[in-house]
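Here's the structure, in structure tokens; my notes come after.
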Amino acid sequence: MDNIFYAVSLNGVSGSGYPKHNGFLVVKGSKFSQEITLSISNGIAELRKKLIESNILVKEENYLVLTQDYLFTSASTASSLLFGRSSNGLKEWKLSNGKTLKEVLGKN
């Protein structure tokens with residue numbers, strides 16, 4: 001599947017990526033939220049810390065920018081880290097035509 005999925009928020013956080021057989025790949029240059037909410041899981045918070053410490057996420061202006069393509073274990077892990085809050089990747093990642101990852105994958 002070559003289709004690129006996008007996840008965008010009103011505060012300028014934006015990412016692009018696509019599903020792979022072993023996770024969800026987010027493309028280099030995606031802008032992650034600098035803030036995290038209390039709804040984020042400990043596992044996501046730990047992963048975020050690890051990515052910052054290894055310079056895979058670096059601070060640029062008001063965002064944390066992905067310095068390389070990165071394969072997350074799931075679309076929800078990717079979107080939660082992107083937005084800095086708990087989120088459902090099957091609903092957050094959308095094609096440019098608005099179809100969600102859930103619709104494209106045919107998941108009920």
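Couple of notes before you dig in:
- Region 72-108 versus region 1-60: alpha-carbon centroid distance in Å: 11
- Sequence-distant contacts, meaning Cα pairs under 8 Å at least 6 residues apart, place the relative contact order of the chain at 30 percent.
- The phi-based Karplus calculation (6.51 cos²θ - 1.76 cosθ + 1.60; θ = phi - 60°) puts the 3J(HN,Hα) values of region 28-35 at 3, x, 4, 9, 9, 5, 7, 8 Hz, whole numbers, x for Gly and Pro.
- Based on DSSP H segments of at least four residues, each scored -39500 (n - 2.57), the chain has a per-residue ellipticity at 222 nm of -7000 deg cm²/dmol.
- For Kirkwood radius over Cα pairs in Å, the candidate list reads (i) 13.6; (ii) 15.9; (iii) 17.0; the entry that matches the value derived from this model is (i).
- Note on Thr37 and Ser86: the model spin-label points, each 7 Å out from Cα along the C-beta direction, lie 1.0 nm apart.
- For the peptides 79-85, 15-21, the ranking by mean Cβ contacts within 10 Å, running from highest to lowest, is 79-85, 15-21.
- For the chain, the longest principal axis of the C-alpha atoms and the axis of helix 42-53 are separated by about 60°.
- Distance between the pseudo-spin-label points of Glu53 and Val65 (7 Å out from Cα toward the beta carbon): 2.5 nm.
Read-outs: derived from the displayed coordinates by stated rules, not from any lab. Keep in mind it's a predicted model, so treat the numbers as computed, not measured. When we count neighbours, we look across all protein chains shown, and the Cβ atoms used for this are built from the backbone with ideal geometry, even at glycine.
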